Structure formats: C-alpha cells, structure tokens
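Student: Next up is a structure, given as structure tokens.
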Amino acid sequence: MEKNISVKDMARESWGDMAASPGMWLVLSASAIPFVFLLHFLIGGAATGLSLFLLLAGYAVCFCLHFLAWCVAVHSYASRRQAAEKISIRQAYRRTLSSSRPCVLTGLTWGALAVIVHMASQMVTVMLLSFLLSGVGEASRVIVSAVQYFYLAYVAADLVLVMLVLAPQALGLHGSRTVEEALRMSYRWVKERYGPGVKLFMVAELPVRTLMLVGFLLIPLLRIPGLMVGFYLAFLSLLEGTRTAFIAASFTRLYYHIMEEERRKKGKKRGGKKGGR
C-alpha cells in the first residue's frame, strides 16, 4: 500500500500549490498570530495550576482560528486538482462556512489535544535525556536541552498528531459532520499509511523548527525590545503559516490518493463478485 505513494513527488507538487497561492499562505500566517503569541510570549516555563488551564483553553481557542484557515486552505488546494474548478480564497472560505460548526468544534479539540500531546512528549523527552546525560557536563547539557526542545519533543509529538492531520480533509472534502467522525476517519486513513504520512509531516516540520531555533538565537541581537518582539512574532507566524500551508497541500494530495486507492479496491471487489456469479 505504501509503495504506491511517492512522498517526494507529493512534496514537490505541494510546494508548487503553495507557490501558486501566496495569498493563502499569508492568510494561514495571519491566523497563526494569536496562538503563537500565546505560546511564545504569554505562557512561559512549566505550565501549572491556572497557567495550565489558560494554556489549554487559550491555545484551543486561538488554534481554532488557525484551524478554520487550514480548512479554507484544504478547499483552495483541492480545487487545484480539478482544472475546471479553481476557486478563490473567498470561495474556499464560503465553502468552509457551510460546515463551520464541526470545523470549530474539531479545531477546539485539535488544539486541546495538541497541547496535551506536546506537554507529554516534552516530559518524556526531558526524562529520557536526563537519564542519558546524567554524567555529561553543564555546557553540554545546555546545548542538548535546546536541541531536545526544538527537535526531539516536537518530533515525538508529531508522531502522534500526524494521526489526526487529515481531519480538515475529512470535514471539507469527505463530508464528516462530527468531531468524532472527522478524527476517526483521519486516524484510519493515516494508520494504514503511517510511513508516508510521517515523512510528509517532517518535510515541513524539521526545516521550520530549525529556522525557529536560528531565530531564537539571532533575533535577540536586535537589542530593541519592542522591535524584537514584533520581528519574532511575525517570523514565527510566517513559519507556522508555511508549515500549515505545506501540510494542507500535501495531505490534500494524499487524501485524493487514498480515495483513488479505495475506489480501486471497491472496483476489484465488485469485479470479483461478478466473476464469482
């Protein structure tokens, strides 16, 4: 099943979809500003007590806005696979509004689950690294700590979240109308193609996290607090927008690959039944 999926081709074609619609990329980047600001500027250190509640509730609400833009992007990129029906961002937005309630509820659920998964992955990663680096010097600990935060913890979380990454396609293209149905369909589709799904997810994830790490180190050199905050917020939002745009484009292509694969399977079953008769 996985052999028929060319991750390299899908990735290349997805970058082409993004380049053909820079407006969609900007919309996704703008929608990422609230949750980026919350995560990187309002919530600091380990979340406990009230801050944990604010993180869960606040991130879910802020991410929901980004999720709606993600659903709009799915409609926009899906139309590019149908040469006779290319639609504008406004038309894609109207299509998303037709199923706004399940999209909002799924976005809230996705946001809350993302926080929980990221927190769990960070805890597990820190515990594992603490055990492995128990005899390492302090300077090395600092370096490894930065690496684990920007790479290992995110990657560990992505290995779980990738199972839900087709929820926008389930809502917008497949017609799912409940949170449970959208997440269940995404889980089933990705579970059967987990290898290609993870690879597509990482194509955007690793470069984005690398640039985030570079920005984290270089932007403070501006030494102008207000300007630094503005640059860093814009920088992170553009990166998140790029990441989501690629995920929306590439997994929309994967969705259509899955649909074609399932149609072929049904055709074979019907052919087998007729032959048996």
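The values are calculated or read from the model by the stated rules, or taken from the named source; none is laboratory data. The shown structure was predicted, so the numbers you read here are calculated from the model rather than taken from an experiment. Cβ atoms come from the backbone with ideal geometry, glycine included; neighbour counts cover every protein chain shown. Accessible surface is based on the protein model in full, side chains and every heavy atom, while ligands, DNA and RNA are left aside. Shrake-Rupley method; radii C 1.70, N 1.55, O 1.52, S 1.80 Å.
Student: If ARG80, ARG184 are ordered by their accessible area, calculated over protein heavy atoms with a 1.4 Å probe, which sequence runs from highest to lowest?
Tutor: ARG184, ARG80
Student: While we're on this one: Could you order peptides 196-205, 90-99 by the average number of other Cβ atoms within 10 Å of their residues, highest first?
Tutor: 196-205, 90-99
Student: If you don't mind, another one. Taking θ as phi - 60°, what are the ³J(HN,Hα) couplings along segment 167-178 by the Karplus curve (6.51, -1.76, 1.60), each to the nearest whole Hz, with x for Gly and Pro?
Tutor: So the Karplus estimates, Gly and Pro as x, are 4, x, 5, 4, 6, x, 10, 9, x, 5, 10, 9 Hz.
Student: OK, next. What's the extension gain from LEU206 to SER6 if we count 0.36 nm per residue and subtract their Cα-Cα distance?
Tutor: Fully extending the segment from LEU206 to SER6 adds 70.1 nm.
Student: Follow-up. FRET efficiency for LYS191 and TRP15, Cβ-Cβ distance as r, R0 = 41 Å, nearest 0.05?
Tutor: The calculated FRET efficiency here is 0.95.
Student: Now a separate question. Counting Lys +1, Arg +1, Asp -1, Glu -1, what net charge surrounds THR252 among other residues with beta carbon under 12 Å of its beta carbon?
Tutor: Residues near THR252 contribute +1 overall.
Student: Pop the C-beta distance of LEU213 and ARG90 into the FRET formula with R0 = 30 Å and round what comes out to the nearest 0.05.
Tutor: So the FRET efficiency works out to roughly 0.25.
Student: Residues with amide H under 5 Å of SER176's amide H, sequence separation 5 or more or different chain, H placed in the peptide plane at 1.01 Å from N; which?
Tutor: Residues meeting the criterion, in which the H sits 1.01 Å from N, are LEU171.
Student: Report ARG81's accessible area, 1.4 Å probe, all protein chains in place, as a number in Å² to the nearest 10.
Tutor: Roughly 90 Å² of ARG81 is accessible to a 1.4 Å probe.
Student: Right, something else. Can you give the FRET efficiency for LEU42 and GLU260, using 1/(1 + (r/R0)^6), R0 = 45 Å, r = Cβ-Cβ distance, to the nearest 0.05?
Tutor: That pair, LEU42 with GLU260, gives E of 0.55.
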